[in-house]
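Below is one structure, written out as structure tokens; comments come after it.
The values are calculated or read from the model by the stated rules, or taken from the named source; none is laboratory data. Model, not experiment: these values are computed from the prediction. Reconstructed Cβ throughout: ideal geometry from the backbone, glycine too, with neighbour counts over all protein chains shown. What goes into the accessible areas is simple: the full protein's heavy atoms, side chains included, and nothing from ligands, DNA or RNA. Shrake-Rupley method; radii C 1.70, N 1.55, O 1.52, S 1.80 Å.
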Amino acid sequence: MDKKYDHKIQEPKIQQKWEDLDVFKGKIEPDKKPFTIVLPPPNANGKLHTGHVLMLAIEDILIRWKKMQGYSTLWLPGTDHAGFETQMVFEKHLKEKGKSRFDYDRDTLYKEIWDFVEENKGIIENQMKRMGPGLDWSRYTFTLDESVVNTVYTTFRRMVDEGLVYRDDYIVNFCPECGTTFADLEIKHKDKISNLYYIKYGPLVVATTRPETKFGDVALAVNPEDDRYKEYIGKEIDYEDPLGKFSIPVIGDSYVDMEFGTGVLKITPAHDKNDYEIGLKHGLPVVSVIGLDGKMTENADKYAGMKVLEARELVVKELQDMGMIEKIDDKYENSVLVCYKGGHEIEPTVIPNWFIKVESLKKPALNVVKTNEVKIYPKWRKITYTRWMEEMRDWPISRQIVWGIRIPAWYDVDENPNLQITFINKKNQRITGKISDLLQNYPFEDVKEGLQTLIAPKDAKFRAQPGAQPRAEPCRLLQETDTFDTWFSSGHWPLATLKYPDSDDFKYFYPTSVMETGWEIIRFWVSRMIMFGLYLTGKPPFYDIYLHGLVRAVDGKKMSKSLGNAIDPLEYIEEYGADALRMGLISGTANGRDFAFPKDKVVAYRNFANKLWNMARFTLIMKDSLKEKENKDISNYTGDKSSLNDVDRDILNGLDNLIKNVDESLEKYRFSDASDFIYQFMWHEVADKYIENVKDREDKDIALGVLIYVLKTGLKLLHPFMPFVTEAIWEGLPVLDGDPELLINSKWPTV
RNA sequence: GGGUGGUUAGCUCAGUUGGUUAGAGCAUUCGGUUUACAUCCGAAAGGUCAUAGGUUCGAAUCCUAUACCACCCACCA
């Protein structure tokens, strides 16, 4: 053996060995209990980051531990298409080429992104493999695999049949210039100076920056604590504006800031996110006065057809003429939303979206956690889940992006003349309009091929199967252009990876054992998996949930590109080895909170790997010299302590104690406790004390027999944590009764 | 503004249902290489457990208040 442990030589060698012998291939063994983990899929086109390393380390510990305990283990890998994020990355590439997504029809754009992802897909897989995870790569799944899409479609159709799917208005960030919606992440705030208009509503005065939306007002709101206006709450007040005389209810809501303006807020649900929320809360109607073309709608009566800014000017002028404007503050600083693409002002707009009724889904999902059928570790995270589930409202599942699973709904253009279409025509121009108008100038096939986006009215007739032909003549069908919210599809992940509903894998390995992931996605992801699992199978998709904390940078701050404090795990693998990096991160998991990257611990565990290596090396040196000097072999310790001296018995009792501590800690997901127990025992009890004692022993044959037994047992206990170095040392140690060739195939020690 | 968590050694953090002298890694100081490892060994020093009250025979741990920090969510007409 070399004087030093060299991870650069050993780690690839050991990894290859596991792969060659197909150690982690999941097997259906009816006489064994299954133990299953589904890997939270990293971004297919991403790179390995420290969060992935921690995730892999924890899950690998569980898998190896259970495998050695005799379970039939399966750990399922996969990657995620990461809808929105990937599309953003791709669009940056387009921008470098001087293009944008608006230059492509939907199908072409999708194919281009697919190719782009395909190119980058292998990178993260290879990086993950360097951590030595016991994943079954033969069961690899990508979230856009046909089988996943089919599973998602089947669920969707079932939900349609059971009346759980509906279409309704939903407020989104709409850019009239770009003709599309933007996700919150695509929106930027821009500070600017605006006019704040103080407009009279009967006896009250409202301060607003958007007077032109007043025709969409459905209520006025005041703070219930506000003594000035208490008397108006629940009453209707009369007011006048250029369109005539109206009355409007006054509601009380603590959202209203008494300090701002006059303390009276007009509620315009169709054109403001907060107003929309308040409207929902108070059951108010939604009146849209701005259309998708950025022009005033018929609800704005004589202003209909005018652009927003034109309408604003005119409305203000006419209000002034009527004496309805108390004052104008022209130095009001506020921030407006603009789209990232062109910096155009965003018009919050309600457009029809797809929704899932969650009432019947969320109750069982809440119950399984409340009753501890599904347990959350650490337990103080439970409240995050239960609160979310209690407050969960109907789930908008459609997204106006291309990169994802397209919603399986088809519209017959003859049944739905009001479809709002944007498409690229044969001359490469973007054309927008109502389908019935467009079809007078363009053949249907042109629209279909060049289709970019489609917005169907909320009462549009759709079918969930493209083939269905209810009418005698052939239908002209256009498929919905929205895609599923990525969490709708990834909510199926435990089911999809196990090939629900009738595969052998599914029957044997479902429900899975543990869901291990970062706590920040408990609401988005974990809750959805539980809902779908219960809805489709009646069983939760897993029984334990372990939520690890976020790894922060060395300085304790969140890692970010702009701060330049991001840690590249590959550099640490190079310098200190995957084992050391894994252990360092594990040491930060004690209580499930976020933690700063523990660089010192990585170094400490690198040293520990070398210490173990030398413990084994020295044991073998002593064994050889015993043979040489006294011509004796070591005696094979069989587990009978009665004939041993106190020192031997102490170390063996210590070992028993260690086994107990490690098991207890792992059962409670106390990974750092377990690893610390092993570290302290092996280093400070075995190396510092027991080996020193062995040096002076007369009965070296017996002492070395005990030492090798202790060493091998220690390696087994440590193997789930530091798989490479323990496996590498195992190779060189003498074979005892029942020892398999590979450490990973050995039996977990018991007391 | 709502929520969650934190404040323990110079640094990064453990400390589980309250119970001997509050621990680890790193850093520091002193001493050491005869049969492994200097990525080593032995020893030492270092803490009013954020602050103020309270409960208790006993509090880092439970309760109340305050201060500061971090993160999540919602963001001002």
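No other residue among A:Asn631, A:Asn653, A:Asn645 is more than 15 Å from RNA strand B (Cβ to nearest atom), open to solvent by 80 Å² or more (accessible area, probe 1.4 Å) and closer than 19 Å to A:Val694 by Cα apart from A:Asn631.
For A:Lys689, the conditions (1) away from RNA strand B (no atom under 11 Å from the Cβ); (2) modelled with pLDDT under 95; (3) under 22 Å from A:Asn653 (Cα atoms) are fulfilled apart from (1).
Per the listing A:Pro474, A:Pro443, A:Pro470, the residue uniquely modelled with pLDDT of 90 or more and loosely packed, with under 14 Cβ neighbours inside 10 Å is A:Pro443. For the residues A:Phe246, A:Phe260, the requirement of being open to solvent by 30 Å² or more (accessible area, probe 1.4 Å), more than 26 Å from A:Cys175 (Cβ to Cβ), within 12 Å of RNA strand B (Cβ to nearest atom) and aromatic (Phe, Trp, Tyr) singles out A:Phe260. Criterion applied to A:Asp502, A:Asp459, A:Asp437 was being without any contact (Cβ under 8 Å) to a residue 40 or more places away in the chain and more than 25 Å from A:Tyr543 (Cα to Cα), and the one residue passing it is A:Asp437. For the structure I just gave you, tell me whether A:Ala580 is part of a helix (DSSP H, G or I), near RNA strand B (Cβ under 9 Å from one of its atoms) and under 40 Å from the mean Cα position of the chain (by Cα). For A:Ala580, the condition - part of a helix (DSSP H, G or I), near RNA strand B (Cβ under 9 Å from one of its atoms) and under 40 Å from the mean Cα position of the chain (by Cα) - is met.
In region A:192-238, which residue that is hydrophobic (A, V, I, L, M, F, W, C), within 28 Å of A:Lys295 (Cα to Cα) and open to solvent by 20 Å² or more (accessible area, probe 1.4 Å) is modelled with the lowest pLDDT? Steps first, please.
Of region A:192-238, the ones hydrophobic (A, V, I, L, M, F, W, C) are A:193, A:196, A:199, A:204-207, A:215, A:218-222, A:233, A:237.
This time we only want the ones that are within 28 Å of A:Lys295 (Cα to Cα), so: A:193, A:196, A:199, A:205-207, A:215, A:218-221.
So of that shortlist, the ones also open to solvent by 20 Å² or more (accessible area, probe 1.4 Å) come out as A:193, A:205, A:215.
On the way: A:Ile193: 77, A:Val205: 93, A:Phe215: 94.
Filtering first and then ranking leaves A:Ile193.
Scanning region A:667-686 for residues that are within 16 Å of A:Asn614 (Cβ to Cβ), of a type in the set (A, V, I, L, M, F, W, C) and crowded, with 18+ Cβ neighbours inside 10 Å yields A:Met682, A:Val686. Got a number for residues in region A:148-169 being open to solvent by 40 Å² or more (accessible area, probe 1.4 Å) and polar (S, T, N, Q)? The qualifying residues number 2.
Of all the residues that make up region A:530-562, how many are open to solvent by 40 Å² or more (accessible area, probe 1.4 Å), outside any loop (DSSP other than H, G, I, E, B) and within 15 Å of RNA strand B (Cβ to nearest atom)? Result for region A:530-562: 1. For A:Val336, the conditions (1) out of contact with any Phe, Trp or Tyr (no Cβ under 7 Å at 6 or more places or on another chain); (2) modelled with pLDDT under 90; (3) surrounded by 19 or more Cβ atoms within 10 Å (Cβ to Cβ) are fulfilled apart from (3).
Select, from A:Val413, A:Val402, the only residue that is under 25 Å from A:Gly83 (Cα atoms) and out of contact with any Pro (no Cβ under 9 Å at 6 or more places or on another chain). So that I can check it myself, show each step before the final result.
Values: A:Val413 fails: under 25 Å from A:Gly83 (Cα atoms).
Residue meeting the stated conditions: A:Val402.
Among the residues making up region A:599-628, those that are more than 47 Å from the chain's Cα centre (by Cα) and either surrounded by fewer than 18 Cβ atoms within 10 Å (Cβ to Cβ) or more than 6 Å from RNA strand B (Cβ to nearest atom) (or both) are A:Phe618, A:Thr619, A:Leu620, A:Ile621, A:Lys623, A:Asp624, A:Ser625, A:Leu626, A:Lys627, A:Glu628.
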